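Any read-out appearing in this document is the output of simple, stated calculations on the displayed coordinates, not a laboratory observation. The structure displayed is predicted, hence computed values, not measured ones. Neighbour counts are summed over all protein chains in view; Cβ atoms, including those assigned to glycine, are modelled from backbone coordinates with ideal geometry.
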Amino acid sequence: MKKLNSETAVKTVRPEKVIQFGEGNFLRCFVDWIISNMNEKTDFNGNVVVVQPIEKGMIDMINQQDGLYHVNLQGLEKGEVINSYRMIDVISRCLNPYKEYASYLALAEQPEIRFVISNTTEAGITFDPACRLEDTPPASYPAKLTQLLYHRYKFFHGAADKGLIIFPCELIFLNGHKLKETIYQYIELWQLEEEFKSWFETACGVYATLVDRIVPGFPRKTIDSIKEHLGYDDNLVVQGEAFHLWVIEAPQSVENEFPASKAGLNVLFVPSEKPYHERKVTLLNGTHTILSPIAYLSGIDIVRDACQDAVIGKYIRKVMAEELMQTLSLPVDELKAFAVSVIERFENPFVDHQVTSIMLNAFPKFTARDLPSVKEYYNRKGILPYGIVLGLAALIVYYKGGCRADGAEIVPNDAPEIMAFVKDAWKTENLDEVTRQVLGAEFIWGEDLNEIPGLSLLVTEMLTDICDKGMYQVVKAYVG
């Protein structure tokens, strides 16, 4: 079997146009895969320099393979089973700024560099006042970036055409706004001149993005057969789902420079990321959160099996279309198309997604993902969304613990104080009291949910039905 490097495989030499902070599975399976497609299908013609954002990472492994690796996409796409492989050749080199600081800073001097893309985890976009301009390098990612931008500004004497376009991919709502705000903090902390601040404001752009692709990562269990299939000893194979979505809050001029849509990719340049963020949180994450306890208490352990069950599958589709979707503001056709893609992702034949893993910290998840839909549905319709509230009732039953009908143990996993509180609430035999206590727990919800008109009465009725008839029969009555 051949080693994978530039001597055994074709690697195209292109101008380095992108600085990428982060070398992990997600960026390599998402951003670098997108750039690979753009190089093939448009005139983008650009490669990526990877900067390791922390002192220890995996760039040595990437450099050993000369930046080459394969992406294996699996899933359903318009009903068709996808299991594809693509060799990615866009990473020209990787740098560790903690060992190669001069080379890192010299990136700012390359005239063809135009984009900065990052995924430094949610904790990466933070302001650390201990970071200094003189550090080699500073600890935080925003400080590193500010330092790089300042060096570029000085090297090119503030040339307006040498600004950079910056796409953060950290999983933070309005990540671009947060990153820009943090850069301003460093400009102030380091007392950088007003001319630099003006250049940053006018010549550079920091744009909020929403990224969406599930990336399980390195396929340890099947890597031997994958290497046999590829014919290469590739130790950097990364698996991801077939679905992808990148929403970028940026103007048409930026889209012209980053022509992903021309490559037929699901990359949207929009005036506001917010409605797409709400769509994902509501239809994908929100559905996950409520289907999981209902499926588990009905004896179903895998998300795919829940979607394909005659009753639970109908519940999932009904609550998405008739309740969750009704709380969003994007065009109905867009919402329906996204809902179809969500079901296909849930039904991915290559992923056995345990519903119990989704229920980790389920009460806080319901608060963030589903409670806003309960309120918005009530505001728009004047009634409560039965299916969403049924998910809440199922969660309350799940947090009681014990065993489900088939004898499988119910083991909630949340903050200890939440689990202890709910378990204690169940000690009373009065379901009205259970509901009152759980809905009134402001330390869980941030408010007293008993104040939502009709909610406590409906939840009590549901708890009674679940305890008397069983979860599956309650869902069957709802969908029937």
* Structure fact -> Note on segment 2-270: contact order normalised by length, alpha-carbon pairs under 8 Å, 6 or more apart, percent, works out to 22
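Dipole magnitude of segment 2-270 about its Cα centre, charges +1 at Lys/Arg Cβ and -1 at Asp/Glu Cβ only, in debye to the nearest 20?
Working: 26 positive and 36 negative charges, 89 e Å.
About 420 debye.
How high is the FRET efficiency between Val10 and Trp445 when r is their beta carbon distance and R₀ equals 45 Å, given to the nearest 0.05? Before the final figure, lay out each step's value.
Details: r = 56 Å, r/R0 = 1.25.
For Val10 and Trp445, the calculated efficiency is 0.20.
Which whole-number percent gives the relative contact order of segment 274-479, counting Cα pairs below 8 Å spaced six or more residues apart? If you can, show how the numbers build up before the last one.
Values: 248 pairs, mean separation 54.9, N = 206.
Once divided by the residue count of segment 274-479, the mean separation gives 27 percent.
With a Förster radius of 25 Å, plug the Cβ-Cβ distance of His177 and Leu330 into 1/(1 + (r/R0)^6) and report the FRET value to the nearest 0.05. Working shown, then result.
On the way: r = 21 Å, r/R0 = 0.83.
The computed FRET efficiency comes out at 0.75.
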* Work out Dmax and Rg for segment 274-479 from the C-alpha atoms and quote the Rg first, both in angstrom. => 15.9, 47
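Divide by every residue of the chain the summed helix terms, -39500 (n - 2.57) for each DSSP H run of at least 4, and state the resulting mean residue ellipticity at 222 nm, rounded to the nearest 500 deg cm²/dmol. Mind dumping the intermediate values first?
Working: 23 runs with 211 residues, N = 480.
Rounded to the nearest 500, the figure is -12500 deg cm²/dmol.
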* Against the longest principal axis of the chain, how steep is helix 455-469, in degrees 0 to 90 to the nearest 10, with axes from Cα atoms? -> 70
* Asked: Using alpha carbons only, how many degrees (0 to 90, rounded to 10) separate the axis of helix 175-189 from the longest principal axis of the chain?
  -> 50
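Looking at segment 183-279, which trypsin sites (Lys or Arg not before Pro) are in a loop (DSSP not H, G, I, E or B) and have at most 10 other Cβ atoms within 10 Å?
Values: sites: Lys197, Arg213, Arg220, Lys221, Lys227, Lys262, Arg279; in loops: Arg213, Arg220, Lys221.
Here the sparse-neighbourhood loop sites are Arg220, Lys221.
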* Asked: Say each of His229 and Ser261 gets a label point 7 Å from the Cα, pointing the same way as Cα to Cβ; how far apart are those two points in nm?
  -> 3.3
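Which of Val71, Val351 has the fewest other C-beta atoms within 10 Å, and how do the rest follow up to the most? If you can, show how the numbers build up before the last one.
Numbers: Val71 22, Val351 17.
If I rank by nearby Cβ atoms, fewest first, I get Val351, Val71.
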* Which angle from 0 to 90°, rounded to the nearest 10, does the C-alpha axis of helix 416-425 make with the longest principal axis of the chain? -> 10
* Enumerate lysine pairs in segment 219-358 that are 8 or more residues apart or on different chains, then count those whose Cα atoms are under 20 Å apart. => 5
* Structure fact -> Quick calc, Asn45 & Ala415: beta-carbon distance into FRET formula, R0 60 Å, rounding 0.05, result 0.75
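Over the chain, what is the relative contact order in percent, taking alpha-carbon pairs closer than 8 angstrom and at least six residues apart?
For the chain, the relative contact order is 13 percent.
Please report the net charge: other residues with Cβ closer than 12 Å to the Cβ of Lys262, K and R +1, D and E -1. Spell out each step's value before the answer.
Values: positive: Lys41; negative: Glu40, Asp43, Glu255, Glu257.
Cβ neighbours under 12 Å give a net charge of -3.
Charges at C-beta only: +1 for Lys and Arg, -1 for Asp and Glu. How large is the resulting dipole of segment 274-479 about its Cα centre, in Debye rounded to 20?
Details: 21 positive and 28 negative charges, 107 e Å.
Taking the Cα centre of segment 274-479 as origin, the dipole is about 520 debye.
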